[in-house]
Amino acid sequence: MREIKNITCIGAGYVGGPTMSVIAQKNPHLNITVVDLNRERIAAWNHEDLSKLPIYEPGLDAIVKKVRGKNLFFSTNIEKAIDQADMIFISVNTPTKTYGKGKGKAADLKHIELCARQIAAVAKDDKIVVEKSTLPVRTAEALKSILHNTGNGVNFHILSNPEFLAEGTAVQDLENPDRVLIGGENKEAIQALVTIYQSWVPKERIITTNLWSSELSKLVANAFLAQRVSSINAISELCEVTGADVNEVAYAVGADSRIGPKFLKASVGFGGSCFQKDILNLVYIARTYNLDKVADYWEQVILMNNHQKERFADKIIKTLYNTVNEKNIAFLGWSFKKDTNDTRESAAISVANYLLEEEANIIVYDPKVSEDQIYRDLDSLNTRNSNKNREMVKVVKSPYEACKQAHAVAILTEWDEFKTYDWQKIYENMYKPAFVFDGRNILDSKKLTELGFKAYVIGKHNN
Ligand code: UDX
Ligand code: ADP
């Protein structure tokens, strides 16, 4: 197998962009080109002003500054990049299907298939093709079938190399991963990718498996993580009625080294592009093989998450004397977690939707999410027309403006800056009684109560 010199990554999104930036930084001898169909996105990656990069990730701008134009390039010329590559990462999005068989459950593989067809059409010499996107188990088989039936004599070796980075900590996770997982059939192809990671990842943290184990491990890792969040969220409801404090319970339970302390933070519900999609995928695969009990088991994780979002909205409505009609609810946070501008599946979207159904006015402040994105998220629900969304939801640039003359403030994302606001000032400018609904358990409810707020905190019996 020839030495790897040129790498192409198809898909300049939340996975492709940061991953290739770090690989480029750690491997100055490699030439890496990230391509995308989306011209605007590529232009943003090439923007001189690094604050205009399409993805906000702490530390990413500094890396891009170092390697862009040296051994990392962003381009829309997909064919040229495929032609020149020794190794091609496929890092395109695989959303849940919104049509046809498997609608609302299975992963939509049309982008992956398009990539495979394009690679097959363009490639003139042997290539290693790496699945980076999260995919249902046995997608590699479909990829293989498309690539091997091109009839042009080119050999393709397929590897699965799922990404475990979490948004907001992408750079840290890439630079210091718990493990790197590489699944494949061809030893030399596997070794070629191992060598790239070995530039900075200790050998013992690089796990190699067969293709299917690698594909399934990614879904299972996300399912287990999401399950922990749903488990603690289920307990948060119990805490609220019994007088236990969910933070204390999580701490006591997590102190058991067999359980561990991470991913036990009660919240308004998990979001992000992966958890729901991957569990739906797992459920779909299980049902395909008639494993209904397995499917039902994992489906509960999502049902619990939906319940958590709904009950948070219900709590607001009930507490505000059973009506939020024309009341002003300030939303602090819209992204699905702190330190990212990503809003995919964010709990804020569902909670807003419930409240808008009850004809509330919502005023949103998020430190990183744009006004356009917030309206796109609401419009994509198709629950009301876009004019109505713009009439009922306002997006503002300051938290104090959001909370001014609000009947209630709801914390939807755990941004650190929310803790340091002048809550006295916020209180003074709100309608009384002034309510705070802390969906992330980040504020000091005792202090808020002393200031005069009526505070509701997820998982605490203080309501
Ligand atoms: C996740 C996986 O962590 C990552 O390994 C995978 O590659 C992609 O999916 P991500 O979606 O970026 O990463 O974020 P993560 O930190 O896992 O959080 C997911 C959601 O769960 C967020 O909405 C977060 O707020 C919520 N969460 C997480 C909780 O509510 N409580 C917790 O204790 C942890
Ligand atoms: P992820 O979180 O998986 O990285 P994103 O949606 O952030 O998902 O990024 C996926 C990127 O892949 C998008 O920028 C999209 O334009 C790009 N993409 C999808 N299909 C293709 C394709 N066939 N060729 C090139 N780019 C593609």
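The values are calculated or read from the model by the stated rules, or taken from the named source; none is laboratory data. This one's a predicted model, so the numbers in the text were calculated from it and none came from an experiment. So basically every Cβ, Gly included, is an ideal-geometry build from the backbone, and we count neighbours across all protein chains shown.
Structure notes:
Here is a yes/no grid of residues against (1) touching a Gly at 6+ places or on another chain (Cβ under 7 Å); (2) of a type in the set (G, A, S); (3) surrounded by fewer than 19 Cβ atoms within 10 Å (Cβ to Cβ):
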{"position": "F263", "(1), (2), (3)": "no, no, yes"}
{"position": "G271", "(1), (2), (3)": "no, yes, no"}
{"position": "N305", "(1), (2), (3)": "yes, no, no"}
{"position": "Q308", "(1), (2), (3)": "yes, no, no"}
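- The single residue among P58, P54 that is in the same structural domain as V171 (by TED's automatic domain parsing), near ligand 2 (Cβ under 9 Å from one of its atoms) and at pLDDT below 95 turns out to be P54.
- Enumeration of residues in segment 73-89 that are in contact with a Leu (Cβ under 9 Å, 6 or more places away or on another chain) and within 16 Å of I4 (Cβ to Cβ): M87
- Residue match in segment 381-392 (condition: within 16 Å of ligand 1 (Cβ to nearest atom), within 26 Å of the chain's Cα centre (by Cα) and either polar (S, T, N, Q) or surrounded by 23 or more Cβ atoms within 10 Å (Cβ to Cβ) (or both)): no
- Failed condition for K446, given (1) more than 27 Å from the chain's Cα centre (by Cα); (2) modelled with pLDDT of 95 or more: (2)
- Restricting segment 338-359 to residues that are assigned to a loop (DSSP other than H, G, I, E, B) and not hydroxyl-bearing (S, T, Y), the residue that is surrounded by the most Cβ atoms within 10 Å (Cβ to Cβ): D342
- Verdict on A252 being buried (at least 16 other Cβ atoms within 10 Å of the Cβ) and either of a type in the set (A, V, I, L, M) or within 16 Å of ligand 1 (Cβ to nearest atom) (or both): no
- E299 being closer than 30 Å to A352 by Cβ, at pLDDT 95 or above, assigned by TED's automatic domain parsing to the domain that holds R440 and part of a helix (DSSP H, G or I): yes
- Any hit, segment 105-123, residues being within 15 Å of ligand 2 (Cβ to nearest atom), crowded, with 17+ Cβ neighbours inside 10 Å, part of a loop (DSSP other than H, G, I, E, B) and not small (G, A, S): yes
- Residue check, F73 more than 16 Å from ligand 1 (Cβ to nearest atom) and part of a strand (DSSP E or B): yes
- Residue in segment 205-226 that is of a type outside the set (A, V, I, L, M, F, W, C), more than 16 Å from ligand 1 (Cβ to nearest atom) and assigned to a helix (DSSP H, G or I) present: yes
- Residues of segment 6-52 that are of a type in the set (D, E, K, R) and free of Cβ contacts under 8 Å to residues at least 24 places away in the same chain: E40, E48, D49, K52.
- Total residues in segment 69-110, condition in contact (Cβ under 8 Å) with a residue 40 or more places away in the chain and more than 30 Å from I279 (Cα to Cα): 16
- For segment 255-268, the candidate set comprises residues that are among the basic types (K, R) and under 21 Å from G439 (Cβ atoms); within that set, the residue that is farthest from ligand 1 (Cβ to nearest atom) is K262.
- Note on segment 134-156: among residues that are touching a residue at least 60 places away in the same chain (Cβ under 8 Å) and not in a helix (DSSP H, G or I), the one that is farthest from ligand 2 (Cβ to nearest atom) is R138.
- K309 being over 29 Å from G102 (Cβ atoms) and in contact (Cβ under 8 Å) with a residue 12 or more places away in the chain: no
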